[in-house]
Each structure stands twice: as C-alpha cells, then as structure tokens.
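Data first, discussion second: the structure below is written as structure tokens.
Coordinate-derived values only; no laboratory data. All figures in this text were calculated on a predicted structure; none of them were measured in a lab. Positions of Cβ are backbone-derived with ideal geometry, glycine not excepted, and every protein chain shown enters the neighbour counts.
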Amino acid sequence: GLWWDRVGPATKDPITGVTESFLADSSPNKINLGVGAYRDDEGRPVVLRCVREAEASIAGSEFLESVSAAVSSKFVEESVKLVYGSDSDVVKDGRVAGVQALSGTGACRLFAEFQRHFHPDSRIYLPDPTWSNHHNIWKDAQVPERTFRYYDPDSKGLNFSALIDDVKNAPDGSFFLLHPCAHNPTGVDPTEEQWREISYQFKVKNHFPFFDMAYQGFASGDLDKDARAIRIFLKDDHLVGCAQSFAKNMGLYGHRVGCLSILCADSNQVGSIRSQLQRIARAMYSSPPVHGVLLVSTILSDPYLKSLWIEELKTMANRIRGMRTTLQDSLERLDSPPNWEHITNQVGMFCFSGLTPDQVDRLAREFHVYMTRDGRISMAGVTTGNVSYLANAIHETTR
Ligand code: PLP
C-alpha cells in the first residue's frame with residue numbers, strides 16, 4: 001500500500017456537507033436551503049414540459065458519430081444566439097467561436113486551460129465572494145487568482161466604488177470573471193448604468209471580460225434582459241468569453257449541457273480558436289455526451305418548444321420572486337428588527353441573508369433549517385408550505 005499512503009481525504013464541498021446534515025435530520029419540519037437546484041412549490045425537482053416533449057420527439061435516435069458532430073454544431077449555433085442576441089452583428093458575421101462543453105463547470109475549466117495555454121503569465125480576477133468552485137477550477141488549471149471587491153456586507157448590495165477601484169488598479173490587460181446575472185452566492189447584480197461604467201473601465205484598461213452565465217433567465221424571467229450586461233459589452237466592442245449552462249434554466253443538471261464561446265476579432269480567427277478549444281477538450285475527454293445536447297438543440301430550434309421553455313422559465317423565476325416577497329413580508333409582520341429589504345433587492349436563485357455562521361448553526365440545531373455557513377439561502381428551497389415556519393425560525397435566531 002505504498003503508492004497512495006500520502007493521500008488523505010479531500011476537503012468537503014460546503015454544499016455536500018449541508019446536504020448530508022439535512023438528510024440525517026429526521027424532523028418533519030426540516031428545510032434544505034443549501035442546494036442550488038430549482039424546486040417547485042411542493043419542494044420537488046422539476047422536469048420541464050419542453051424537455052419531456054423533446055425527449056419524446058428524439059426517442060429512438062441512433063446517435064451515430066456523424067449525428068453527434070452535427071447536433072453539437074446546431075446546439076452551439078442556437079446557444080450563442082441566447083447570449084449575444086439572435087440578430088446581433090457578431091452572430092450574423094460569424095465571429096463567435098463556440099464549442100459544446102460539460103455544463104457550466106466544464107466550460108469554465110476549458111476556458112481556464114485555454115487562457116493558461118495562450119496567456120501563460122496571466123491571472124484571473126474573481127469577484128469576492130464568488131461560486132466556490134471558481135477558485136478550484138482556475139487553481140487546478142494553474143492560473144493564479146486575484147479577487148476584486150464586489151459585495152458590501154453593510155448594504156447587502158454591491159460595493160460599486162470598490163469594484164471600480166479594483167478594476168482600475170489591476171494591471172492593464174487582465175482577465176476578469178463576471179457573473180452577468182443572478183450572482184452566486186450574493187444575488188447582487190450591478191444595475192444597467194453600473195454595467196455601462198464597468199464596460200467603459202474595462203475598455204480603458206483593456207481587460208478581458210469572461211462571463212460565467214449559469215442562470216440566464218433566473219434573474220428577471222427574461223433571457224434577453226438577463227443578457228443585457230453582455231450586450232452592453234458588445235456595444236462597446238469588447239471581445240468577450242462566455243460559459244453557458246443549461247443545468248438551471250432547463251433543469252438539465254445531470255445531462256451536463258453547456259457551451260463555451262469566445263468572440264473573435266473577425267471570422268478568420270474563429271476556426272483557429274475553435275480548433276484549439278477542441279484540441280484541449282480532446283486531450284481531457286475527447287468529446288462530450290450527445291443526448292442532453294440533442295434535447296437542448298431540439299428545444300431551441302423548434303419555435304413551439306422554445307416558446308414553451310420561455311414560459312416555463314418565467315414560471316420558475318416568478319415563483320422564486322414571489323417567495324422573496326412572501327419571506328420578506330412574513331419577517332416584517334413578525335416585527336423582526338433587522339432590515340430585510342435585501343431579500344427582494346437581490347435577484348436569482350440565491351439570497352445572501354446576512355445571517356452569521358453562529359446563527360446558521362442555530363437555525364440547523366434548533367429549527368432544522370439548513371444552509372451554507374455564509375448565510376446563503378437557496379430561494380428554490382422556500383415554498384408556500386414552509387415560508388412562515390422559515391420566517392419564524394429566522395426571526396427567533398436574529399432577535
Ligand atoms: N457557475 C456558477 C456561478 C454556478 O453557480 C454554477 C453552479 O452552481 C456553475 C457555474 C456550474 O454549473 P453546472 O456545471 O452544473 O452547469
């Protein structure tokens with residue numbers, strides 16, 4: 001047993017710990033506010049109708065190799081339209097190099113590898129805080145990270161002036177990761193005007209914006225509105241990169257469907273960049289699976305299924321927004337002393353509640369309510385049935 005003697009257990013992912021404690025709790029009142037996956041008002045995972053219908057229509061597909069290449073390029077063609085706009089010049093002029101990726105995580109990792117390969121001395125600036133796996137992804141791709149200030153714990157909103165200072169103080173030509181909508185874990189997004197200023201400062205500093213778009217549609221319920229940050233950058237003639245995930249907005253978590261796209265200076269560059277991305281992917285996993293991608297391309301290229309998806313996405317976003325309002329109202333009706341306005345000011349799947357690690361521990365111990373110790377509430381876990389119990393638990397823990 002000499003070969004692996006030095007291998008100890010890896011540090012647990014914070015979400016995995018929350019799920020384990022939740023599962024081990026036998027209380028009928030228990031609530032899991034850890035997972036970042038959508039749940040309906042009954043607390044159940046959802047398979048969208050558009051997905052069921054697409055499943056039915058592709059049943060019996062043979063998935064020959066030739067099919068998989070065609071499906072993948074159709075998928076990329078449709079995906080990039082969601083990000084850049086279906087009638088945008090960059091799409092019409094064929095300036096987007098896109099490849100299918102293993103969901104949002106795989107798209108981020110592929111980009112990190114590409115970044116290290118072609119800019120070996122570069123770093124990545126990540127928002128503070130950010131999705132915890134961003135740190136692991138760029139670290140394992142051997143790209144050093146820096147952080148830029150983002151969240152202001154006092155206002156539970158954006159620390160815009162600090163963000164702009166950090167953008168200005170980074171060396172010219174730095175890589176920055178931005179969440180274009182529904183920031184994880186804070187739920188805090190810049191306003192349109194603030195995005196314009198960020199884009200302007202990026203231009204001045206010649207920074208590269210890499211957008212990690214894991215929740216398109218979840219912030220506003222509208223795909224185009226949620227892409228407005230990226231559209232602002234396009235207007236300012238930036239070259240951008242984007243990781244897209246269909247895990248949340250199509251509920252395809254297990255299928256690992258994503259897209260990595262890089263906007264090129266001209267259409268001549270597209271072939272080079274795309275082939276390099278494919279080469280990197282080939283050494284890691286050759287090619288990604290085709291089934292989920294066939295579902296997505298079927299939905300995006302069929303006007304009926306696409307409009308059904310857009311409706312269902314709106315329903316999911318609206319349910320979450322409704323729960324934000326109800327949770328805030330319930331706390332206010334209990335005369336809870338803290339200000340809870342940030343619950344409805346924040347957007348997307350998550351609410352950065354401001355609960356301290358001690359309060360989070362108490363919520364679990366005394367009320368069977370589970371969340372990560374940073375106080376992040378997954379709003380998808382809040383339902384009509386548990387919201388008043390939750391409000392009361394939060395009130396008792398914070399009074
Ligand atoms: N990026 C962000 C900001 C996320 O929150 C997530 C998921 O939690 C991902 C990327 C990756 O998701 P997936 O790989 O499941 O598409």
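Please list, ordered by chain and number, the residues whose modelled amide H lies under 5 Å from the amide H of residue 248; skip anything fewer than 5 residues away on the same chain.
Long-range HN contacts for residue 248: none found.
For the range 121-145 and the range 148-205, write down the distance between their C-alpha centroids in whole Å.
16
A 23 angstrom limit on the alpha carbon distance is what I want to check against. Which of 92/306; 12/156; 168/235 exceed it?
12/156
In degrees from 0 to 90, rounded to the nearest 10, what is the angle of the helix 387-398 Cα long axis to the longest principal axis of the chain?
Roughly 70 degrees, rounded to the nearest 10.
For the ranges 372-383, 17-28, 188-199, 34-45, what's the packing order if you count other beta-carbon atoms within 10 Å of each residue, average per peptide, and put the highest first?
372-383, 188-199, 34-45, 17-28
At a 10 Å Cβ-Cβ cut-off, how would you order 397, 325, fewest neighbours first?
325, 397
Based on Cβ point charges of +1 for Lys and Arg and -1 for Asp and Glu, what charge dipole magnitude is obtained for the chain about its Cα centre, in debye rounded to the nearest 20?
Once rounded to the nearest 20, the dipole reads 500 debye.
Taking Cα pairs under 8 Å and at least six residues apart, what relative contact order does the chain come out at, in percent?
26
Between the range 234-265 and the range 30-64, how far is it from one alpha carbon centroid to the other, in angstrom?
The two parts, judged by their Cα centres, are 20 Å apart.
Helix 192-205: angle to the longest alpha-carbon principal axis of the chain, degrees 0 to 90, nearest 10?
50
Report for the chain the percent antiparallel among DSSP-assigned beta bridges with both residues inside it, nearest 5.
50
Taking every DSSP beta bridge that has both residues in the range 56-215, what percent is antiparallel when rounded to the nearest 5?
The antiparallel proportion sits near 15 percent.
Applying a 10 Å radius around every beta-carbon, put 97-109, 279-291 in order of their mean neighbour count, most first.
So the order, starting with the most tightly packed, is 97-109, 279-291.
What value, in deg cm²/dmol to 500, does the helix sum -39500 (n - 2.57) over DSSP H runs of n ≥ 4 give at 222 nm once divided by the residues of the chain?
Roughly -15000 deg cm²/dmol at 222 nm, from the helical runs in the chain.
How do 51, 257 line up, fewest other C-beta atoms within 10 Å first?
51, 257
Can you list, largest first and rounded to whole Å, the semi-axes you get for the chain by taking the square root of 5 times each eigenvalue of its Cα gyration tensor?
Equivalent ellipsoid semi-axes, largest first: 34, 25, 22 Å.
I need the fraction of alpha carbon pairs in the range 1-120 separated by more than 26 Å, rounded to a whole percent.
In whole percent, the share of Cα-Cα pairs in the range 1-120 beyond 26 Å is 55.
Any aspartates and glutamates with Cα under 16 Å of the residue 74 Cα? List them, leaving off those in the same chain fewer than 8 positions away.
65, 302
Which FRET efficiency, nearest 0.05, do residue 329 and residue 69 yield, Cβ-Cβ r, R0 35 Å?
0.10
Please determine, in degrees from 0 to 90 and to the nearest 10, the orientation of helix 49-58 with respect to the longest principal axis defined by the Cα atoms of the chain, where the helix direction is its Cα long axis.
The two axes meet at around 40 degrees.
Where a ≥ b ≥ c are the square roots of the eigenvalues of the C-alpha gyration tensor, would you call the range 126-251 rounded, which needs a/c under 1.5, or, failing that, prolate if a/b is larger than b/c, or oblate?
Taking the square roots of the gyration eigenvalues as a ≥ b ≥ c, the range 126-251 is rounded.
Output the antiparallel fraction of DSSP beta bridges having both residues in the range 146-268, as a percent to the nearest 5.
Close to 45 percent.
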